[in-house]
1. Under 15 Å from the Cβ of G404, count the other residues' Cβ atoms, weight Lys and Arg +1, Asp and Glu -1, and hand me the total.
2. For region 62-146, run through the chymotrypsin sites (Phe, Trp or Tyr not before Pro) and keep only the ones in DSSP coil with at most 13 other Cβ atoms within 10 Å of their Cβ.
3. Taking 7 Å along the Cα-to-C-beta vector as the label spot, tell me the D427-T314 distance in nanometres, rounded to one decimal.
4. Once Lys and Arg get +1 and Asp and Glu get -1 on their Cβ, which of F280, T342, W366 lies farthest toward the positive end of the dipole of the chain?
5. The chain: longest stretch without exposed GluC sites (Glu not before Pro) (DSSP loop, at most 10 other Cβ within 10 Å), sites themselves excluded?
6. Placing unit charges on C-beta atoms (Lys and Arg positive, Asp and Glu negative, everything else neutral), compute the dipole magnitude of the chain about its Cα centre in debye, rounded to 20.
7. Might you report the magnitude of the Cβ-based charge dipole of region 372-529 about its Cα centre, with Lys and Arg at +1 and Asp and Glu at -1, to the nearest 20 debye?
8. State, to one decimal in nm, how far the label point of M76 lies from the label point of W366, with both points 7 Å from Cα in the Cβ direction.
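Readers should treat all values here as calculations from the given coordinates under stated rules, not as data from a laboratory. Nothing here was measured: the structure is a model prediction, and the numbers come from that model. Because the Cβ atoms are built from the backbone with ideal geometry, glycine has one as well, and the counts that use them run over all protein chains shown.
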Amino acid sequence: MSYDAILYIFVFLPVCLAAYQFTPRRHRWKVLLIFSWAFFFLLSRALLVYLIGATLLTYYTGIALAWLRTEETTEMAEADRSGKREIKLKYQRRRKKALALGVILLLAVLAYLKYYNFFVRSMDLIPDWISLPLTLEEKKLVMPVGISFYTLQAIGYMADVYWGKIAPEGKPGRMALFLGFFPQIMEGPICRYSDTAKTLFQGEPLKYQNLTDGYVRIFWGLFKKKIVADRLAVPVAAIFDNYTQYSGVLIAVGAVAYTIQLYMEFSGCMDIIIGSGKLFGVCLPENFRQPFCARSAAEFWRRWHITLGTWFKTYIFYPVSMSGIVKRWNQFGRKHLGKYATQLGVAAAALFPVWLCNGLWHGARWSYIFYGMYYFVLILAGEAVKPLRDKILSACHIHEESTGWRIVQTAKTWVIIFTGELFFRADGLKAGVHMFRSMFRDFGLSRLWDGSLLELGLARSDLAVAAAGCVVAAIVGHIMENNKNIPQKFAERPVAARWCVYYGLILAVIIFAAYGDGYQAVDMIYAGF
């Protein structure tokens, strides 16, 4: 049962809403937990045990960290001034060990299920003259749905308790709901405890405005996924699954089409997820903010999969930036190398683990690792050339906010994005390299209008509907980029006008969605990560 399924939208959600509303307020969070675990069980069956195990580990790690902090406070109050430093260091070491144990156990399960076979296959790349004392074979491993998402949420919770940013959750059931809330278990967003705890557990009654806003958001997500993304899946699969048969502009079309498909599907699923939470009054964080308006690779990632980027920045980038090694480099570099080289070295040291983990998080493939390193190099290069770029712009009297320069920067970023997604979607790194090289051979721009596109599996009418859907999404994105709050604007319109738009959206999904004869259900891409 996926989020775009009729069973989820018209059966599972309404039943959950009814059970939630007719339950006393103090127990409503338990209803959400029951339905969350039922949803997870329908998807992964007995693998629910992994989620339960992660929940208990996270809960008791938080309790242990809080207990150690309490014990430290008690000893500090009883100790004389000379012994307080020793007590502080002792408990600091103990808390670090407790945090490290919890994080290592979580990552060990994730690494085994997700990366064990990748590690075994990668051993074939080791030269024959290097002999290893062990022989490993691939295993049939099955991952529980959402393990990458709830693992990061669990680690973030532990770290926040360790840093004293939040108090530990006192009820294991509430921890279970935080990690397993059904709308977000498959694709995120990756929430911090402080993002959702309040609205998850307060049990607000159903409200007309929440129901309206929630279902409108759900149908907007269905519009993007079912009308655009699922249609584009057909030509994208035709090109990427048979990449040796194509070259030139058709490879470029495949890269662009996949990028649009990925965005429409992932952001569409986020709309469904956020809308589902809204029905219950639960506020989930936004995961996209018009990423194709970005003017650099770094800005693109501040707008795309926002919660993943925020997690990496909070729990990897900042800790590495403040680590002892980086501080010592900072001192050495400022003394011997100068400010520019020092700052570049700090940026490289902090960005490298972020982008390595970004690539690995998406999956156990060398192409994903390449994808992470691709953005690492580009973002670091952007930092490296920034002083020179600023001097050139100043000498040429070009203002950074001028329309012409913004267009150039945005177009450059689009090329970066499309190229990155080409390697991301390709069936392995070798396939990605082959496709990238083929794109510059026999380009043949005329293939865009000579009927070649119609050989990729879509009729003219399907291409027209997908294009129209992209235009509508682009217009909505443009309005939002210009700081226009669309839900608020709609709320100010007359009831008749609002419901005309709502019914138009619903009818568009019913009439133009990709389903029926000739179409197969398209799995959610990010659910596989």
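1. Net charge in that neighbourhood comes out at +1.
2. W129
3. 3.9 nm
4. T342
5. 138-400
6. Dipole about the Cα centre, nearest 20: 1800 debye.
7. With only Lys, Arg, Asp and Glu charged at Cβ, the dipole is about 360 debye.
8. 5.1 nm
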